[in-house]
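J.: One structure, as structure tokens, below. Some questions next.
FYI, it's all coordinate maths here, none of it is from the lab. Computed from a prediction, not measured in an experiment: that's the story for all the values here. Don't worry about glycine lacking a Cβ; one is built from the backbone with ideal geometry, like all the others, and counts go over all protein chains shown.
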Amino acid sequence: MPKENEEGRLERKRRFITEIRDRKCRHLIEPLLHKAQSYMKGELPPEDVFKAAHYVARYGDEITADFKKKPDVILAGIAMDKNRYITEIGDIAVKVRHGDILSVFTDAIVNPASPDGKMANGCAGAIKDAGGGEIEKEAMARAPIDAGTAAATGAGTLPFLHVIHAPTIDTPGGASSPEKVRAAVSAALALADELELETITLPGMGTGAGGLTPDDAARAILEAITAHEAGSVSSVNLVDTAGETVDAIVRALEAYDEENG
């Protein structure tokens, strides 16, 4: 696949930002819609609807103003608000965020995949739900994907270049280990370099169904990034919806910085 040009990257940024804006607008407007419907049924006085409309108008103006800025300014503002920890490991910038891996602008997201390529639940299920079933179909066509290896597919309707599928288990439903997480992250980074990607985003690999504690998973991820030889990847985002996993990653990076500062 040819390397992405600046025009293509800018278009992806715009798509990503539009999706964020639309989510914010829906989150703001839906309660007003419910109140208006309740009023029409005679369940609310009109002043409750007017108050909600005033709230929507005030914060809607802020959203409109925020999203009129240049794409890079918008993305920088989001990162400033959301990033929990930022450091460098060799030539790679490492950023930690508590949230959804789909909410970060990146070249590829990493799916801690099932070896058979199925994307039934958890992080994989969320990726499929957001990006479409063709991601799973392509992953299954590349199966089996052995633990310690990685395979890239398209990203469906998501504003990314690829989904990188990197299993941390040997069999569907099996247990993970720190060694398997290290191997999976290493394989994902190597494949990202091969694809000439600049940024990738990983969740807490091996936790959840894999059975690893957040601290064990965090140390394994850090060891893989530390051992990675410099390539095209210049930024790695570590993002998870579980607060305890994010806390463990931050602790591991703080310890790394203290030892290597």
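J.: Order of Asp247, Asp81 from fewest to most other C-beta atoms within 10 Å? Intermediate values should be presented prior to the final figure.
T.: Details: Asp247 17, Asp81 8.
Fewest to most other Cβ atoms nearby, the residues stand as Asp81, Asp247.
J.: What do you get for Rg/Rh over the range 6-68 if you use C-alpha atoms and the Kirkwood form of Rh? Intermediate results must be reported in sequence, preceding the final value.
T.: Details: Rg = 15.8 Å, Rh = 13.3 Å.
Answer for the range 6-68: 1.19.
J.: From the phi angles alone, apply the Karplus equation (6.51, -1.76, 1.60; θ = phi - 60°) to the range 63-73 and give each ³J(HN,Hα) in whole Hz, x where the residue is Gly or Pro.
T.: 4, 4, 5, 4, 8, 8, 6, 5, x, 5, 5
J.: How big is the dipole moment of the chain about its Cα centre under a simple scheme where the beta carbon of each Lys and Arg is +1, that of each Asp and Glu is -1, and everything else is neutral? Debye, nearest 20, please. Numbers along the way, then the final one.
T.: Numbers: 29 positive and 42 negative charges, 224 e Å.
That gives a dipole near 1080 debye.
J.: Stick to Cα atoms and the Kirkwood definition of Rh, then tell me Rg/Rh for the chain.
T.: 1.04
J.: Given Thr157, Ala108, His98, which one lies farthest toward the positive end of the charge dipole of the chain, if we put +1 on the Cβ of every Lys and Arg and -1 on the Cβ of every Asp and Glu?
T.: Thr157
J.: Indicate, rounded to the nearest 5 percent, the antiparallel portion of the DSSP beta bridges found entirely in the chain.
T.: For the chain, the DSSP antiparallel bridge percentage is about 35.
J.: I'd like to know which of Gly133, Leu202, Val56 lies farthest towards the positive end of the charge dipole of the chain, counting +1 on Cβ of Lys and Arg and -1 on Cβ of Asp and Glu.
T.: With unit charges placed on the Cβ atoms, the residue in question is Val56.
J.: Among Glu43, Glu244, Glu259, which comes first, second and so on when ranked by fewest other beta-carbon atoms within 10 Å?
T.: Fewest-to-most ranking of Glu43, Glu244, Glu259: Glu259, Glu43, Glu244.
J.: Express the relative contact order of the chain as a whole percentage, based on alpha carbon pairs under 8 Å and six or more residues apart in sequence.
T.: The value is 19 percent.
J.: I've got another one for you. Need one number: nm distance between label points at Lys51 and Arg9, each 7 Å from Cα along Cα→Cβ, rounded to one decimal.
T.: 4.8 nm
J.: Under a point spin-label approximation (7 Å from Cα along Cα-to-Cβ), what is the Glu198-Lys118 distance to one decimal in nm?
T.: 3.9 nm
J.: Could you give the dipole magnitude of the range 6-68 about its Cα centre, charging the beta-carbon of Lys and Arg +1 and that of Asp and Glu -1, in debye to the nearest 20?
T.: Result for the range 6-68 is approximately 200 debye, rounded to the nearest 20.
J.: A follow-up question, please. Among Lys24, Lys35, Lys70, what is the fewest-to-most ranking by other Cβ atoms within 10 Å?
T.: Least to most surrounded, the residues fall as Lys70, Lys24, Lys35.
J.: Separate question: Straight-line reach from Lys35: which lysines have a Cα under 20 Å away, not including same-chain ones fewer than 8 places off?
T.: Once the sequence-local lysines are set aside, what remains near Lys35 is Lys24, Lys51.
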